[in-house]
Amino acid sequence: MILKRLLGEIMEEMGFVTRAQLERALRRQRGMYGKDPLPENLSRTQLVAEARQSADSTPLLGQILRDMGFVTDKQLEEALKLQDRSIEIYRSLDSEKLGRAIEIGSLINSTLNLGEVLSIIMKNVRRVIHAVGSTLMLLDDETGELVFSVPTGPKAEGLTDMRLPRDKGIAGWVAQHALPALVPDVSKDPRFYPEVDRRSGLTTKTVLCVPLKARGRLIGVLEVINKVDGTPFNEEDALLLSIFSSQAALAIENARLYSELKDQLEKQRMAEEGKRKLEAELRQAQKMEAIGTLAGGIAHDFNNILSAIYGYTQLALIQVEGQEGAKTKLNEVLKASDRAKELVKQILTFSRQTEQELKPLNVTTVVKEVLKFLRASLPTSVEIRQDIRINSGLVLSDPTQIHQVLMNLCTNAVQAMKEEKGVLEVNIEEVELDIEDVAGQPDLVPGPYIKLSVKDTGHGIDPANMERIFDPYFTTKKKGEGTGLGLSVVMGIVKSHHGMIRVESKPGKGSAFDIFLPKIQNAVPVETEEKTLLPVGNECILMVDDEEVLAKMGQEMLEHLGYRVVVRTSSIEALEAFRANPERFDLVLTDRIMPQMTGFNLAAELREIRPDIPIILCTGFSDTNVMKSIKAMGINEVIMKPVLLDDLARTIREVLDANNQGRSGDSISVARDHKKTPTSFQTSKAISAQNIDSNP
């Protein structure tokens with residue numbers, strides 16, 4: 001392989017031709033070889049004759065260079081003599097040395113790992129040349145510098161990662177000219193760069209340096225320093241190192257290409273994996289959107305049914321004052337209704353049709369409540385263990401959602417242990433998460449967190465199912481035992497609280513779910529408001545609801561509060577009644593979603609007739625867009641369904657009082673010359689919020 005390139009490189013090294021001239025001559029030679037193509041069908045005799053004629057008639061490279069005027073006969077003769085000398089050296093090489101160089105070359109090409117390739121090269125180069133020290137410098141394509149990548153020999157560690165400018169030192173000259181350099185005595189060579197000796201502490205006497213070229217491109221240089229026997233490097237050493245370096249360069253380039261291809265394939269694999277993940281997330285989002293739309297519709301209808309149960313129970317409690325048996329039973333109905341109300345709220349939150357109401361919460365309180373409930377329903381084979389620290393800190397949370405998270409996790413844990421004895425363990429502690437802990441969680445920041453752990457000793461989770469346990473409707477339970485929404489809801493709630501959840505599980509060893517919620521500082525838990533007498537009045541209210549049951553219930557509630565009520569179950573009829581006598585009414589209480597005309601549209605029409613009319617909207621939704629629309633419509637206040645009597649009483653009174661304070665006496669019509677409005681019932685008909693356990 002070295003003989004095929006000697007003449008051209010020798011003439012370039014001697015300065016007889018430039019690289020451009022050499023390339024032009026080579027192109028002409030290739031053109032001559034392909035000028036007269038052989039016929040497709042030739043006999044053996046003709047084929048041999050044509051081949052001989054071609055060999056005799058095709059000019060050699062030196063002849064072409066001379067004919068093109070690039071070299072003289074004398075220069076060509078000198079170059080050919082030097083070529084003959086190189087061939088003689090090659091032929092005179094000790095067969096053992098040549099065999100060792102070829103053997104090591106084969107060893108170098110036995111691996112595609114770049115690190116292994118470089119290690120093999122540097123372990124064996126000194127064996128071939130018998131040098132004291134050696135170094136392989138790779139070219140940095142961006143800066144053009146040579147980097148001492150793998151120096152070997154005495155005190156070589158001082159040279160590791162040293163950078164040599166391409167125009168500095170003997171190695172820099174070799175890299176710049178892509179030609180070998182044999183320097184018997186560096187003290188007589190101005191190219192020598194003493195900084196290398198200063199860094200290594202070694203005294204360089206003789207140097208042999210050859211370029212590393214692969215596919216016609218310089219990739220670095222290979223340099224050996226000082227011979228073991230103290231003699232200078234000679235032409236035989238240079239030829240051996242050239243043979244060795246040509247194989248080393250090819251091995252380095254192959255390993256580098258393999259590494260780049262491997263990296264490219266890995267990036268492609270990761271991109272495809274990321275694409276699949278995004279597609280899966282998109283499908284998940286679409287699925288959740290569909291589920292949310294369905295859930296929102298169901299929740300709205302259920303809310304109307306629940307409103308009737310809730311409202312009439314509150315009215316019944318007022319009427320059974322003194323009948324403790326009936327009152328107790330009705331309060332239980334109210335408690336169940338309250339839980340149902342929170343469930344509807346969760347469904348609406350899940351479907352993103354309502355805003356979460358986050359408040360400072362001591363998680364300990366919720367955990368104790370859940371465990372108290374569970375103890376009464378757990379089989380005797382399940383033991384509950386707890387490590388709950390009272391002063392574990394506060395989180396900004398929705399108590400009902402944390403209750404739901406804990407109930408779902410504990411229920412799953414109990415079901416995993418139902419066939420044998422087991423332990424359910426619930427722990428709460430304060431932890432500090434650092435950057436590594438929150439890595440891969442873009443919504444999390446380092447800091448203090450409350451860690452809620454639920455562990456069981458059940459059958460564990462199959463590793464094949466681990467990635468799917470939070471998918472909606474995924475379940476391994478028997479038909480009728482689960483919906484597959486439990487853990488999906490848990491994940492949604494935890495994320496909405498800017499927290500994270502970690503799962504560890506081994507088949508047959510149980511599972512552990514750790515939930516981390518951000519701890520808040522300098523806050524106090526929200527306490528239950530003290531119940532007081534309900535504010536009442538005697539103004540005239542126009543109530544609008546397309547559900548007849550809710551309309552009648554609302555009328556009774558308002559009349560019990562002392563108000564005069566006009567009820568309409570059609571928004572069109574309500575508008576006609578208001579248009580007929582707008583000054584008759586002091587306030588309008590309307591549902592939001594109704595056929596023919598929505599509460600928003602009705603409010604707009606009413607304001608066109610009488611801009612100062614106070615309007616309260618009843619709705620089961622409280623998302624941001626709805627609230628913006630309410631403000632734009634000029635609606636005074638919103639009451640959430642199902643309506644609590646004390647909320648209704650206070651909201652109406654506040655809106656009416658605020659409206660009266662904002663009006664001058666002259667603007668009040670005679671039609672509204674009502675009696676003085678009382679602030680509460682002072683008679684036997686007084687309504688106390690304490691009679692109604694509206695916040696069980």
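The values are calculated or read from the model by the stated rules, or taken from the named source; none is laboratory data. Here the structure is a predicted model, which is why all the values come from computation and not from measurement. Heads up, the Cβs are rebuilt from the backbone with ideal geometry, glycines too, and the neighbour counts pull from every protein chain shown. Just the protein is used for accessible areas: all its heavy atoms, side chains included, with ligands, DNA and RNA removed. Shrake-Rupley method; radii C 1.70, N 1.55, O 1.52, S 1.80 Å.
So here's what we get for this one:
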{"item": "Any strands (runs of 3 or more DSSP E) falling wholly within the range 361-475 and containing at least 1 residues that are of a type outside the set (A, V, I, L, M) and crowded, with 18+ Cβ neighbours inside 10 Å", "result": "394-397, 422-433, 447-456"}
{"item": "Filtered residue count, the range 161-201, keeping only those that are assigned to a loop (DSSP other than H, G, I, E, B), within 23 Å of HIS130 (Cα to Cα) and touching a Pro at 6+ places or on another chain (Cβ under 6 Å)", "result": "1"}
{"item": "Subset tally (residues that are modelled with pLDDT of 85 or more and farther than 18 Å from CYS540 by Cβ) for the range 619-636", "result": "1"}
{"item": "Candidate set from the range 157-212 (those that are on the phi > 0 side of the Ramachandran plot and touching a residue at least 24 places away in the same chain (Cβ under 8 Å)); member that is most open to solvent (accessible area, probe 1.4 Å)", "result": "GLY201"}
{"item": "Number of the condition not met by LEU208 [criteria: (1) farther than 15 Å from SER134 by Cα; (2) part of a strand (DSSP E or B)]", "result": "(1)"}
{"item": "Test: residue in the range 572-594 that is open to solvent by less than 70 Å² (accessible area, probe 1.4 Å), farther than 19 Å from LYS641 by Cα and touching a Gly at 6+ places or on another chain (Cβ under 8 Å)", "result": "no"}
{"item": "Lone unmet requirement of (1) modelled with pLDDT under 80; (2) surrounded by fewer than 17 Cβ atoms within 10 Å (Cβ to Cβ) for SER351", "result": "(2)"}
{"item": "Qualifying residue in the range 217-235 (condition: assigned to a helix (DSSP H, G or I) and aliphatic (A, V, I, L, M))", "result": "no"}
{"item": "Selection count where residues are closer than 17 Å to ILE615 by Cβ and either among the β-branched types (Val, Ile, Thr) or free of Cβ contacts under 8 Å to residues at least 60 places away in the same chain (or both), scope the range 552-569", "result": "4"}
{"item": "Single residue of the range 538-571 satisfying the filter (of a type in the set (S, T, N, Q) and open to solvent by 50 Å² or more (accessible area, probe 1.4 Å)) that is farthest from ILE318 (Cα to Cα)", "result": "THR569"}
{"item": "Close pairs from the range 60-79: first more than 13 Å from LEU7 (Cα to Cα), partner polar (S, T, N, Q), Cβ under 7 Å, at least 6 apart", "result": "PHE70/GLN21"}
{"item": "Any chance GLY292 is at pLDDT below 70 and either closer than 26 Å to VAL549 by Cα or open to solvent by 100 Å² or more (accessible area, probe 1.4 Å) (or both)", "result": "no"}
{"item": "Selection status of ALA181, of a type in the set (A, V, I, L, M, F, W, C) and modelled with pLDDT of 85 or more", "result": "yes"}
{"item": "Filter result (of a type outside the set (D, E, K, R) and not in a helix (DSSP H, G or I)) within the range 300-339", "result": "VAL320, GLY322, GLN323"}
{"item": "Any pair with Cβ under 9 angstrom, 6 or more apart, that starts in the range 364-381 at a residue that is among the small types (Gly, Ala, Ser) and ends at one that is open to solvent by less than 100 Å² (accessible area, probe 1.4 Å)", "result": "SER377/VAL414; SER381/MET417; SER381/GLY422"}
{"item": "Subset of the range 142-156 [modelled with pLDDT of 85 or more and either open to solvent by less than 30 Å² (accessible area, probe 1.4 Å) or within 23 Å of THR203 (Cβ to Cβ) (or both)]", "result": "GLY144, LEU146, VAL147, PHE148"}
{"item": "Residue check for SER54: open to solvent by less than 90 Å² (accessible area, probe 1.4 Å), modelled with pLDDT under 65, under 30 Å from ALA248 (Cα atoms) and polar (S, T, N, Q)", "result": "no"}
{"item": "Residue check for MET1: in a loop (DSSP other than H, G, I, E, B), at pLDDT below 75, among the aliphatic types (A, V, I, L, M) and surrounded by fewer than 15 Cβ atoms within 10 Å (Cβ to Cβ)", "result": "yes"}
{"item": "Residue match in the range 224-237 (condition: aliphatic (A, V, I, L, M), surrounded by fewer than 22 Cβ atoms within 10 Å (Cβ to Cβ) and in contact (Cβ under 8 Å) with a residue 24 or more places away in the chain)", "result": "yes"}
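Conditions tested, residue by residue: (1) under 21 Å from ILE10 (Cα atoms); (2) of a type in the set (A, V, I, L, M).
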residue: VAL150; (1), (2): no, yes
residue: LYS155; (1), (2): no, no
residue: ASP161; (1), (2): no, no
residue: PRO165; (1), (2): no, no
residue: VAL174; (1), (2): yes, yes
residue: LEU182; (1), (2): yes, yes
residue: LYS188; (1), (2): no, no
residue: PHE192; (1), (2): no, no
